[in-house]
1. Run down A:295, A:258, A:329, A:310 and say which single residue is without any contact (Cβ under 8 Å) to a residue 24 or more places away in the chain and either over 20 Å from residue A:163 (Cα atoms) or in contact with a strand residue (DSSP E or B) (Cβ under 9 Å, 6 or more places away or on another chain) (or both).
2. Tell me the residue from B:85, B:121, B:110 that is touching a strand residue (DSSP E or B) at 6+ places or on another chain (Cβ under 8 Å) and under 19 Å from residue B:306 (Cβ atoms), please.
3. Quick one: which residue in A:411, A:385 is more than 14 Å from residue A:434 (Cβ to Cβ), modelled with pLDDT of 95 or more and away from chain B (no Cβ under 12 Å)?
4. Restricting the search to region A:432-445, which residues are in contact (Cβ under 8 Å) with a residue 60 or more places away in the chain, buried (at least 24 other Cβ atoms within 10 Å of the Cβ) and either among the acidic types (Asp, Glu) or part of a helix (DSSP H, G or I) (or both)?
5. Working only within region A:324-343, note down all residues that are in a loop (DSSP other than H, G, I, E, B) and either within 16 Å of the chain's Cα centre (by Cα) or modelled with pLDDT under 95 (or both).
6. Mind telling me which of the residues A:254, A:282, A:289 ends up being under 14 Å from the mean Cα position of the chain (by Cα), in the same structural domain as residue A:14 (by TED's automatic domain parsing) and modelled with pLDDT of 95 or more?
7. Suppose we keep only residues that are under 21 Å from residue B:289 (Cβ atoms) and assigned to a helix (DSSP H, G or I) within region A:398-417. Which one would you say is nearest to the chain's Cα centre (by Cα)?
8. Given the structure, is residue B:393 at pLDDT 95 or above, surrounded by fewer than 23 Cβ atoms within 10 Å (Cβ to Cβ), outside the structural domain of residue B:293 (by TED's automatic domain parsing) and closer than 17 Å to residue A:426 by Cβ?
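The values are calculated or read from the model by the stated rules, or taken from the named source; none is laboratory data. What you are looking at is a predicted structure, and each value in this text was computed from that prediction instead of being measured. Please note: Cβ atoms are built from the backbone with ideal geometry, for glycine as well, and neighbour counts cover all protein chains shown.
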2 protein chains.
Amino acid sequence: MKRERIVIVGGDAAGMSAASQVRRLLPEAEVIAFERTTHTSYALCGLPYLVAGLVTEPSRLVARTPEAHRRAGIDLRLRSEVTGLDLDRHEVVVWDAEARREYRQAFDRLVLATGARPRTLAVPGRDLHGIFTLHSLDDALALAAWLEQVRPRTAVVVGGGYVGIEVAEAFVARGLATTLVEGTSQVLPMLDADMAGLVQRALEEAGVRLVTGAPVVGFEARGGRIAAVVTTNGTFEGEVAVVGIGVEPNSELARDAGLELGDRNAIHVDERCRTSAPSVWAAGDCADAYHRILGRSVYFPLGTTANKQGRVCGLDLAGRPARFPGIVGTAITRFAETEIARTGLTEREARAAGFEVTVGSVRSTTRSGYFPGATWMTVKVVADARSGRLLGAQIVGGPGSGKRIDTVATALTAGMTLEEFIYLDLAYAPPFSPVWDPVVVAARKLAREV
Amino acid sequence: MKRERIVIVGGDAAGMSAASQVRRLLPEAEVIAFERTTHTSYALCGLPYLVAGLVTEPSRLVARTPEAHRRAGIDLRLRSEVTGLDLDRHEVVVWDAEARREYRQAFDRLVLATGARPRTLAVPGRDLHGIFTLHSLDDALALAAWLEQVRPRTAVVVGGGYVGIEVAEAFVARGLATTLVEGTSQVLPMLDADMAGLVQRALEEAGVRLVTGAPVVGFEARGGRIAAVVTTNGTFEGEVAVVGIGVEPNSELARDAGLELGDRNAIHVDERCRTSAPSVWAAGDCADAYHRILGRSVYFPLGTTANKQGRVCGLDLAGRPARFPGIVGTAITRFAETEIARTGLTEREARAAGFEVTVGSVRSTTRSGYFPGATWMTVKVVADARSGRLLGAQIVGGPGSGKRIDTVATALTAGMTLEEFIYLDLAYAPPFSPVWDPVVVAARKLAREV
């Protein structure tokens, strides 16, 4: 009998999670993984902290090295970019950058885990030296090297999303005079404006010059290097810049092969990570995911989802009964000591989705108010005004506040109402929480109104 | 029309929560509250931290003063102990310690919120000076005064429950050479032995002499004061001792009036906090609570439950449709930097309840392993072997580990299976968690086996 050949395109979280499951559960199969770079299975979310100097060894971001994957029996081919997909012949076209040659590789079943790429600005000067994105280990190493060699004193961050906020923390930590420019009216569009305002205050208190409503129209150069960013709202000096204006899925292979794409051109997958083509699976930042509150698939690329989808994908390839039940839109980050988290829908998102919403906010403390180390935290809860069902929550606050979003994420997954939520048996002792957890206090404000 | 008179017995969390709701929602009613001491609405759980010196102002533990309650319109009578309950005549018998007189007070409806009292040791020497319990603000103030005046250098903690662990932290923080004696074979019987072992190691590493399997048989005196504790397993020096061997409900009033008692003689209440007598409610540490995993009412006295029951009790008195759906057995504490939490059933409890269980433990980190400040945490998950339904979890670990128990508590409340639990959309970023949250990793180990 012919040995089954499973080909994985992409050597990061989703792809190698799938590869590892297949390797473990289908010892008879041949598992080939193509990776464009020389790195596998690294923590993309850790890159800003490498730039900050909080993580000093790049190798520590690597969860599993190429050698470890090979030892496990995966035929891992680095510097190998898949440039074409021929579904009729069940072959991929591979560009081997090392040998500088193209070849075709046959497969029985295929996993697309091609990830995402940073969106770019179509403005003059965008290719100047000193302008970086931060989406790969190589990006981070290049930026870190620039900071060491050029020793800039001023920096610009373009974009106030998660990456922008985290890079701003890194720049401030390195003592750079930092300007953050954001095209829309607020940072973190994944928060409501009132909650984003709390983050904006933290940025400004840390000395970041924050400029919102300022789309970038170009970069100015001095000596071939970036010197400033030009926006519709002024020109701001920066000897280094990071552009973090979101990502888009690497779904061209799938599109050109005729696979169904979904939200924002992500590859559409079902709960077993199967695409519209019978022998092709997809997982991670190139794919969409079912949003349990919205009731439809969306593009919401995150490392944690990539790992879960990769696992489900591998289990399904191996014939195990795994299902990825979807996401609820949970995300977390921080700016220095300020923690920022969200789950479900924001007020704005809930209204846009057609819900009649009721919202409640509360400012409380992370510990009992009298306990040393208690810091502020603000919680906003969004619920369906008719049924009282929880729809989402946002948290901005000091150390110890952010991970409380998990309680709401779990309650959302269970479809709880406010009334069920407020009587949850949550852990209380003075070093950990006020007697009523702040997430519950916010929900209580609403429960009275529903 | 006669004004309705609602009488509350007990001026702490449960009683005054109920009183406040009634006061707010039934402006026509007369609300009388009797409190034996001179304090109301204080944070009993904060007492060990007052002893530790972490909380320096006793007044900060008071959530609401007697004056505030009176301003709100509650007829609060301090130093007034209710000594009898006459259901036929709808009267309570009150001992006014200030005026040194007894009187009868009529009521239309009654709330029993009499709390609990510390269990005592029936051994020689138990009344010596220098032996304390820690169950009231007066207890804490007396102990703190003793520590200031006598300046002991050695201390004994009798009992390794929550209070014992917290007092040990306080004594170590004050520089006392501390011995903890525990009658059973482990500290924290609310944890399985393997998890309690982690706490025991932390105690010993902090310099606490830990003696288990050592029931106390007496105390030795020197100059009329405690000098040592005598156990079946040795005699240990201590110029001060705190006895924390659990509490029992103050349910004698209810019992003598013929009300139904439940687990461990707690007053049995339904989900509206109604007792077996038509016009009598009960809430807090004197009452039982429905345990959602066990499917029966148990005595599990905690401040957080007292607050919730008090609220429900008050809402029900006011005719609002409130229901307390019960507890799942969540609790949290710490010993210095070691956080300790549990929810649901331990392995031992689950087996005792007749479940066929499967368990999984994992040692992980609170943050991504490469992130500064990442510390260890061990999670143990217990599930039903047949259905895969989650039954409970325990956490012992460094700062940032304990409150993760809330995620499990919420999942337990929703009746989730391991398979549902492991795909929860929990918050991930390197400063907050490994990409798979440790509670999920523990559950994943089990999910493979079910």
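1. Working: A:258 fails: without any contact (Cβ under 8 Å) to a residue 24 or more places away in the chain; A:329 fails: without any contact (Cβ under 8 Å) to a residue 24 or more places away in the chain; A:310 fails: without any contact (Cβ under 8 Å) to a residue 24 or more places away in the chain.
Of the residues listed, the single one that is without any contact (Cβ under 8 Å) to a residue 24 or more places away in the chain and either over 20 Å from residue A:163 (Cα atoms) or in contact with a strand residue (DSSP E or B) (Cβ under 9 Å, 6 or more places away or on another chain) (or both) is A:295.
2. Values: B:85 fails: under 19 Å from residue B:306 (Cβ atoms); B:121 fails: under 19 Å from residue B:306 (Cβ atoms).
Answer to the selection: B:110.
3. Values: A:411 fails: away from chain B (no Cβ under 12 Å).
The conditions single out A:385.
4. A:439, A:442, A:443
5. Here is the first cut: in region A:324-343, the residues in a loop (DSSP other than H, G, I, E, B) are A:324-326, A:328-330, A:336-337.
The answer is A:326, A:328, A:329, A:330.
6. Working: A:254 fails: under 14 Å from the mean Cα position of the chain (by Cα); A:282 fails: under 14 Å from the mean Cα position of the chain (by Cα).
Just a single option satisfies the conditions, and that option is A:289.
7. Filtering region A:398-417 for residues that are under 21 Å from residue B:289 (Cβ atoms) and assigned to a helix (DSSP H, G or I), the one nearest to the chain's Cα centre (by Cα) comes out as A:407.
8. Numbers: at pLDDT 95 or above: yes; surrounded by fewer than 23 Cβ atoms within 10 Å (Cβ to Cβ): no; outside the structural domain of residue B:293 (by TED's automatic domain parsing): yes; closer than 17 Å to residue A:426 by Cβ: yes.
No.
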